[in-house]
Amino acid sequence: MLLDYSLNEIKEYVKSLNLPSFRAEQIFDALYGGKSIDEITNLSKEIKAKIEKDYPKFEIVKLLESADGTKKMALALSDGSIVESVLLKYKYGHTVCVSTQVGCRMGCKFCASTLGGLKRNLSAGEILLQVLLFNKMLGGTLKKRAVTNVVLMGCGEPLDNYENVAKFLRLISANEGINISQRNISLSTCGLVDKIKKLADDHFSVTLTISLHAPNDEIRKKIMPIANAYKISEILSACDYYFEKTGRRVVFEYALIKNVNSSLENMEELSHILRGRSCHVNLIPLNSVKEQALVGVTRKEAYRLMTYLNEKGISATVRRTMGEDIEGACGQLRNKLGGGK
Ligand code: SAH
């Protein structure tokens, strides 16, 4: 699929079809403009026929808008798989939250994305497409970018799809592309230790976000199966390594679940394990997922816990919940529209 290619690779492709080289820029422009093949006006029918099998095929099957302006898109891909992505509007710009897999195999007990297991990985171009379509919706183009930030926090575990995600990061931050700096990209992971180290070794500099959700391995194992594979201490060492290599402060996500991980004692333990690290904690009152029995704390309680952490010297904030009314908030994305209903 052509969106998996860099500009240079598209130039090679155009050459292989015996087309003049300026066609490469035209195709690249159309791809990054989020255009379907039918919307391209500067390529002849003959040329379109030649590239059609490689040109992305997709359809926006649903677009929901939340009362707070958040948009959720369900996108059907060439094989009929449906992925969800979210557009969040902030004072400083627009953030797109992309999915990296169809489904997820991590099995976290509080998350909707994993309910049907993993269907397949998304290619680099399929991840990129989600950003480009929202960019187009905002009136942006390749040259005039409207999306300012990207978070890899939709469906899927990005580091369980390492090669495609790495390629996506290269494509989206390429000068000739939409050129979103890695500083404006956050990659969230449940903590695949080897891949965190690889990300640093491969010279990426995105903001690393760890879905921690527990102050010790015992609690973590109850809600996140991945805790059986990696200890929190190993994740923290990998984060230290990432910080040493990139100088980027690591963010820890912590979904507050009633009677599971949200007591003052839990916060005390959390402050101990994070003390002395250059990091930030994002507290999120658990969003409801109807198939899951776990319940979140109130926002008031979240602020109380935040203050407690701050007093212990840990930088922490409560994450603003956006798009909850359209099931577009953290942990509410699925690979099928209305899946589970
Ligand atoms: N698999 C990656 C990327 C998903 S990001 C990861 O685990 O980080 C989605 C974020 O939302 C993760 O931090 C995830 O733990 C969190 N999350 C999942 N379900 C949630 C819920 N019901 N309420 C709040 N946050 C949730």
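Taking the conditions exactly as written (open to solvent by 20 Å² or more (accessible area, probe 1.4 Å), under 22 Å from residue 281 (Cβ atoms), without any contact (Cβ under 8 Å) to a residue 12 or more places away in the chain and over 18 Å from the mean Cα position of the chain (by Cα)), does residue 234 satisfy them or not? So residue 234 fails the test.
Taken over the range 143-161, the residue count meeting the criterion of being away from the ligand (no atom under 13 Å from the Cβ) and open to solvent by less than 20 Å² (accessible area, probe 1.4 Å) is 1. For the range 183-197, residues that are farther than 18 Å from residue 280 by Cα and away from the ligand (no atom under 16 Å from the Cβ) total 1. Across the range 1-41, the qualifying residues are those that are closer than 20 Å to residue 146 by Cβ and in contact with a Leu (Cβ under 7 Å, 6 or more places away or on another chain), and the one among them that is most open to solvent (accessible area, probe 1.4 Å) is 29.
The residue that is nearest to residue 325 (Cα to Cα), counting only those in the range 274-295 that are part of a loop (DSSP other than H, G, I, E, B) and in contact with a Phe, Trp or Tyr (Cβ under 7 Å, 6 or more places away or on another chain), is 289. For the range 246-266, the criterion of a residue being in a helix (DSSP H, G or I) and crowded, with 16+ Cβ neighbours inside 10 Å is satisfied by at least one position. Among the residues making up the range 79-97, a single one is farther than 23 Å from residue 29 by Cα, buried (at least 20 other Cβ atoms within 10 Å of the Cβ) and not aliphatic (A, V, I, L, M): 84. Quick one: count up the residues across the range 163-195 that are part of a helix (DSSP H, G or I) and either under 15 Å from residue 242 (Cα atoms) or open to solvent by 10 Å² or more (accessible area, probe 1.4 Å) (or both). Residues that pass the stated criteria total 11.
Evaluate the following for residue 301: is it more than 15 Å from the ligand (Cβ to nearest atom) and surrounded by fewer than 19 Cβ atoms within 10 Å (Cβ to Cβ)? No, not satisfied. Considered as a group, the residues in the range 304-314 that are in contact with a Lys or Arg (Cβ under 9 Å, 6 or more places away or on another chain) and surrounded by fewer than 16 Cβ atoms within 10 Å (Cβ to Cβ) include one that is farthest from residue 208 (Cα to Cα), and that residue is 312. Could you tell me whether the range 112-126 includes any residue that is assigned to a helix (DSSP H, G or I) and open to solvent by 10 Å² or more (accessible area, probe 1.4 Å)? Within the range 112-126, one or more residues are assigned to a helix (DSSP H, G or I) and open to solvent by 10 Å² or more (accessible area, probe 1.4 Å). Screening residue 289 against (1) farther than 23 Å from residue 67 by Cβ; (2) in the same structural domain as residue 213 (by TED's automatic domain parsing) leaves a single unmet condition, (1). Summed over the range 49-78, the residues that are over 23 Å from the mean Cα position of the chain (by Cα) and surrounded by 14 or more Cβ atoms within 10 Å (Cβ to Cβ) give a count of 4. Taking the range 267-297 as the range and being near the ligand (Cβ under 9 Å from one of its atoms), hydrophobic (A, V, I, L, M, F, W, C) and open to solvent by 40 Å² or more (accessible area, probe 1.4 Å) as the test, only 294 passes.
Annotation note: Cβ proximity below 7 Å between a residue of the range 204-230 that is more than 12 Å from the ligand (Cβ to nearest atom) and a residue that is among the small types (Gly, Ala, Ser) and assigned to a helix (DSSP H, G or I) (sequence gap 6+ or interchain) occurs for 217/227; 221/227.
The values are calculated or read from the model by the stated rules, or taken from the named source; none is laboratory data. Please read all numbers here as calculations on a predicted model, not as lab measurements. Glycine gets a Cβ as well: all are built from the backbone with ideal geometry, and neighbour counts include every protein chain shown. Protein only, heavy atoms only, side chains kept; ligands, DNA and RNA dropped before computing areas. Shrake-Rupley method; radii C 1.70, N 1.55, O 1.52, S 1.80 Å.
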